[in-house]
Structures are given as structure tokens and as C-alpha cells.
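See below for the structure under consideration.
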Amino acid sequence: MSKIPAIVTASEHVYVVLKQWVLSGELAPGEKIDQDAVAARLGVSKMPVRSALEKLAAQDLVVLHSHRGATVKGLSEEHLDDIYLVRCQLEGLAVRLATEQLGQDNLNVLRDMLHRQDALAHHPNADTELILSANREFHMYIYGLARRPVLLGIIERLWEQSERYRRILLVQPGMVDGSLNEHRHLVELMSRGKAEEASRYLEEHNRKTQKVVLNVMRIQPNN
């Protein structure tokens, strides 16, 4: 029996598109969102746009203003610190739990992911979106091994909030290779069953990311 395709409502479609525009930077931090223009571009009424913006506001990606429409949530040092404070704690916990569950099949998957990340990073026409996607897939696979769905769900939401900051990191010289080397070391620690050490290393990896992004934001405050 064939699977019946899920019906996507207008508001769901607008939400997915607007979210991608925000995360990719097509809608820049602090930019006012012209709801009429969005509705016209996507061929919908203003109601689905408003509904989508409310969902994005609940995810801390846009800000709704009384009688003044909506703007893309700005990037700030305080927001960055707030996100990474929680991410470091929760992702460190997830890595520790994942290491305790790790099997050979999981290791094989992770090593395949590392090979793919290496190929993407050194491709002559390196694709930013593919690199970001592979990085996310790698981390979420590890956190999923913890077998704690609530923990994974919270981490996924925090990743969405921090994606715009990670894009700042990606364009810095040498950061992609540096991150990949750290991924390799993390997998090595996990493969040896060093749960606590792997957890601490992941926290260091995240703090390093935060520090680099923070330095760039201070040098280039319009990011």
C-alpha cells in the first residue's frame, strides 16, 4: 500500500521558506520583514505569513512588534553567550551518554560521515550549505545515540537559534579543517570509551567556536 503524502498547509510552507531565509541570511539580522511582499512572492494571503512569523518568534528567530510588523532577531554577544551556555552543558551530557551506547556499526557511520565532511571541505567548488548540513548531521547523529528524545529535541532547537552564528565561523580561514580535525578526535575518544573525556572535549569544541564567532562579531559588528 502506497504511503499517502502529507498535506502541507500554506502557513507551513511559508514557515519553512521564511525560516530558511532567516537562517541563510537572505533576511538579515535586524531587517524588517515586509509581510505584503512575502505574501506576494509566495502567492499566499497575509494570514499564513502572520502565522509563520508567530512560530518563528516562538523560536526566537524573529521579533514581533505591536503595530510595527516583524523584524529578524538581531545577533548579539549576550544571545550568543546564552545559547552556548546551555549548548555546552546539554551537548556534553549527550556525548557522554552516546559514548556509553556506542557500537561498531555506529562508529562505521561516524567514520563515513568524517570522510564525507573531508570531501566536501576540499571540493574545488565547496558548497557552504552542504558543509553546514554535513556538520549538523554528524553532531545530531551522535546526540541521537544518547537515546534521550527530549534532550535531542532541545539541542536541535538551540542549533536552529545558533545557525546564523555558525555561518560567521564557516567563512573564517582554516576553520573548516580545524573543526574537522576536532571531529576526528572526538570520534577517537568515543571509540575508546572515554565518555567523560569526550564530553569535556565537545564542550571545549563548542567554546572554541563561540570564541571565534565572538571575535569576528567584535571586529565586524554588522554581522
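DSSP loop GluC sites (Glu not before Pro) in region 135-223 with at most 16 other Cβ atoms within 10 Å of their Cβ, which ones? Qualifying residues, ordered by number: none. Its residues counted as N, the chain yields a C-alpha radius of gyration over 2.2 N^0.38 Å of 1.11.
Taking a point 7 Å out from the Cα of residue 28 in the direction of its Cβ, the residues of region 51-79 whose backbone N falls within less than 17 Å of it are 71-76. Surface composition of region 1-92: carbon and sulfur atoms hold 56% of the protein heavy-atom accessible area at a 1.4 Å probe. The alpha-carbon atoms of region 90-200, seen along their principal axes, cover 38, 28, 21 angstrom, with the largest extent given first. Pairs from the table (19/46; 55/211; 32/55; 46/73) lying more than 23 angstrom apart at Cα are 55/211.
In loop segments of region 166-223 as defined by DSSP, the trypsin sites (Lys or Arg not before Pro) with at most 13 further C-beta atoms inside 10 Å of their C-beta are 192.
The angle separating the long axis of helix 46-58 from the principal Cα axis of greatest extent in the chain is about 40 degrees. Excluding residue 60 itself, calculate the net charge of residues whose Cβ lies under 15 Å from the Cβ of residue 60, where each Lys or Arg counts +1 and each Asp or Glu counts -1. Taking every other residue near residue 60 into account, the sum is -1.
For residue 101 and residue 81 in the same chain, what is the full-extension length gain: residue separation times 0.36 nm, less their Cα-Cα distance, in nm?
Working: separation 20, 0.36 × 20 = 7.20 nm, distance 3.02 nm.
Taking 0.36 nm per residue and subtracting the Cα distance, the gain is 4.2 nm.
Residues whose amide H falls under 5 Å from that of residue 33, counting only those 5 or more places apart or on a different chain, are 70, 71, 72, with hydrogens built in the peptide plane.
Using 0.36 nm per residue and subtracting the Cα-Cα separation, the extra length available between residue 123 and residue 208 on full extension is 28.1 nm.
Relative to the longest principal Cα axis of the chain, at what angle does helix 195-219 sit, 0 to 90 degrees, rounded to 10? For 195-219 against the chain, the angle is about 40 degrees.
Computed over the chain with a Gaussian network model linking Cα atoms closer than 10 Å, the most mobile of 125, 181, 135 is 125. Couplings 3J(HN,Hα) of region 81-95, computed from phi: 5, 4, 4, 6, 4, 7, 4, 4, 5, 6, 6, x, 4, 4, 5 Hz, in residue order, whole Hz [Karplus 6.51 cos²θ - 1.76 cosθ + 1.60, θ = phi - 60°; x for Gly and Pro]. Considering only alpha-carbon pairs that sit under 8 angstrom and 6 or more positions apart, the relative contact order computed for the chain is 24 percent. Once you reduce region 64-79 and region 136-169 to the center of their Cα atoms, the two points are 23 Å from each other.
The values are calculated or read from the model by the stated rules, or taken from the named source; none is laboratory data. Given the structure is predicted, the values throughout are model-derived calculations rather than measurements. A quick note on method: Cβ atoms are made from the backbone with ideal geometry, for glycine too, and the neighbour counts reach across all protein chains shown. The area values use the complete protein model at the heavy-atom level, side chains included, leaving out ligands, DNA and RNA. Shrake-Rupley method; radii C 1.70, N 1.55, O 1.52, S 1.80 Å.
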